[in-house]
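First up is the structure itself, then whatever we jot down about it.
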Amino acid sequence: MLQLRPNCECCGKDLPPGATDAVMCSFECTYCRSCAETRLHGRCPNCGGELVRRPIRPEDKLSKYPASTERVFHPERCQQAAAGIRHG
């Protein structure tokens, strides 16, 4: 099951479970659409994978299957991605 992480790893913006501007890679690294498009150019700075729209978990499923509350924040990786350095 997807973690549905609560924030953008680049800028820290809150991305609640129903956020329509959340994107993620296949390893569940999570970003806001703005950072994904302008800073990361559609690629995860951690694995180089494609960033796609994160699905929205139906509201009635969130009580049994809640979104993650663990915030992941690595702005330095986003800065390095802009310079062409990739982690993984």
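The values are calculated or read from the model by the stated rules, or taken from the named source; none is laboratory data. On a predicted model such as this, the values are computed, not experimentally measured, just so you know. Here Cβ is always computed from backbone atoms with ideal geometry, including for glycine, and neighbour counts include all displayed protein chains. SASA here: full protein model, heavy atoms, side chains in, ligands and nucleic acids out. Shrake-Rupley method; radii C 1.70, N 1.55, O 1.52, S 1.80 Å.
Select from region 34-54 the residues that are aliphatic (A, V, I, L, M) and either part of a loop (DSSP other than H, G, I, E, B) or surrounded by 15 or more Cβ atoms within 10 Å (Cβ to Cβ) (or both) and list them in ascending order. Before you say what the answer is, go through the steps one by one.
Keep residues of region 34-54 that are aliphatic (A, V, I, L, M), which gives 36, 40, 51-52.
Within region 34-54, ALA36, LEU40, LEU51 qualify.
Go through region 11-54 and give me each residue that's modelled with pLDDT under 95 and in contact with a Phe, Trp or Tyr (Cβ under 6 Å, 6 or more places away or on another chain).
CYS47, the sole residue that qualifies.
Which condition breaks for ARG57 when tested against (1) touching a Phe, Trp or Tyr at 6+ places or on another chain (Cβ under 7 Å); (2) charged (D, E, K, R); (3) not in a loop (DSSP other than H, G, I, E, B)?
(3)
Can you name the condition, by its number, that GLN3 falls short on among (1) surrounded by 13 or more Cβ atoms within 10 Å (Cβ to Cβ); (2) more than 14 Å from the chain's Cα centre (by Cα); (3) in a loop (DSSP other than H, G, I, E, B)?
Among (1) surrounded by 13 or more Cβ atoms within 10 Å (Cβ to Cβ); (2) more than 14 Å from the chain's Cα centre (by Cα); (3) in a loop (DSSP other than H, G, I, E, B), the lone unmet condition for GLN3 is (2).
Six or more apart or on different chains, Cβ under 9 Å: which pairs go from a residue in region 10-33 that's open to solvent by 40 Å² or more (accessible area, probe 1.4 Å) to one that's assigned to a strand (DSSP E or B) and among the small types (Gly, Ala, Ser)? Could you list them?
Correct list of pairs: PRO16/ALA22; ARG33/ALA22.
Regarding region 76-88, can at least one residue be identified that is among the basic types (Lys, Arg), surrounded by fewer than 16 Cβ atoms within 10 Å (Cβ to Cβ) and at pLDDT below 95?
Taking region 76-88 and keeping what is among the basic types (Lys, Arg), we get 77, 86.
Filter once more, so that each one left must be surrounded by fewer than 16 Cβ atoms within 10 Å (Cβ to Cβ): 86.
Next cut, at pLDDT below 95 only: 86.
Checking region 76-88: at least one residue is among the basic types (Lys, Arg), surrounded by fewer than 16 Cβ atoms within 10 Å (Cβ to Cβ) and at pLDDT below 95.
Which is in contact (Cβ under 8 Å) with a residue 60 or more places away in the chain, touching a Leu at 6+ places or on another chain (Cβ under 7 Å) and not polar (S, T, N, Q), of ALA81, ALA67? First the steps, then the outcome.
Values: ALA81 fails: in contact (Cβ under 8 Å) with a residue 60 or more places away in the chain.
Of the residues listed, the single one that is in contact (Cβ under 8 Å) with a residue 60 or more places away in the chain, touching a Leu at 6+ places or on another chain (Cβ under 7 Å) and not polar (S, T, N, Q) is ALA67.
Within region 57-75, how many residues turn out to be open to solvent by less than 100 Å² (accessible area, probe 1.4 Å) and among the aromatic types (Phe, Trp, Tyr)? Outline the logic, then answer.
Within region 57-75, the first condition is being open to solvent by less than 100 Å² (accessible area, probe 1.4 Å), and the residues that meet it are 57-58, 61-62, 65-68, 72, 74-75.
Keeping just the survivors that are among the aromatic types (Phe, Trp, Tyr) gives 65.
Residues meeting the conditions: 1.
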